[in-house]
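Before any comments, here is the structure.
The values are calculated or read from the model by the stated rules, or taken from the named source; none is laboratory data. No experiment lies behind these values; they were computed from the predicted model shown. No Cβ is skipped: glycine too gets one built from the backbone with ideal geometry, and neighbour counts run over all protein chains shown.
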Amino acid sequence: MSEISVKIMDCALAESGVLKINRIGVGVGVILYNAAQKKAAGIHILAPGTTEAAPANPAKYANTAIPFALGELEKKGVKPPYSVAVAGGAEMQNMPPQIRMGQKVVTAITEALGKANLTARDKKTGGANIRSMECDLGTGKMTIS
C-alpha cells in the first residue's frame, strides 16, 4: 500500500493508500477526505495567519492553507462533502502562557474551516503531546495518535 507523508508547511494530495502527517507539535495537521471519491488532502500548518494576499507558501498559514487545499482538490475534480480531522496545537513547556501559539493556530484553523462551511469530525488539539494522524483512503478510517 502506498504511503504519502505530508511535510511541515506543505499540502499533499492522495488518491490511494495512506495519507500521513507525522510529528505535529505547535503546528496543526488537517486532513480533508472525500469518501465517495476516496481522495484526500493533508496539510501541516505552522502559523495562524498572514495578511499577504498571495503568500509564497500558502500551506504555512491557517487562513490560506484551507482555501489552498480545497482549490487543489477541486483542480483534481474532488468536491464536498469532506470528512475533516484536525490534530496538533501543542504548547511548548518553556513558552509563556500569554503566547499560546498552538492555541492560536487551532483557533485560526477552526475559523478557516468555518468560512469553508466545514467542521472537524475528529479533533485532538492542545496539551503538550506531539501527535500523528493518518487517513486510509480505501476505508476512510482516520486516526490521530
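If you go through the stretch 1-36 and keep only what is touching a helix residue (DSSP H, G or I) at 6+ places or on another chain (Cβ under 9 Å) and of a type in the set (S, T, N, Q), you end up with just ASN34.
For GLY42, state whether it is within 19 Å of MET9 (Cα to Cα), buried (at least 20 other Cβ atoms within 10 Å of the Cβ) and either in contact with a Ser or Thr (Cβ under 7 Å, 6 or more places away or on another chain) or touching a residue at least 40 places away in the same chain (Cβ under 8 Å) (or both). The answer is yes for GLY42. A count restricted to the stretch 66-91 and to residues that are in contact with a helix residue (DSSP H, G or I) (Cβ under 7 Å, 6 or more places away or on another chain) and part of a loop (DSSP other than H, G, I, E, B) stands at 3.
List pairs: first residue in the stretch 127-145 and of a type in the set (D, E, K, R), second residue in a loop (DSSP other than H, G, I, E, B) and modelled with pLDDT of 95 or more anywhere in the structure, Cβ distance under 7 angstrom, at least six positions apart or on different chains. Between residues of the stretch 127-145 that are of a type in the set (D, E, K, R) and residues that are in a loop (DSSP other than H, G, I, E, B) and modelled with pLDDT of 95 or more, the close pairs are ARG131/SER145. Scanning the stretch 96-126 for residues that are loosely packed, with under 13 Cβ neighbours inside 10 Å and over 17 Å from the mean Cα position of the chain (by Cα) yields a count of 4. Of the residues making up the stretch 48-62, just one is more than 21 Å from GLU134 (Cα to Cα), at pLDDT 95 or above and within 14 Å of the chain's Cα centre (by Cα), namely PRO58.
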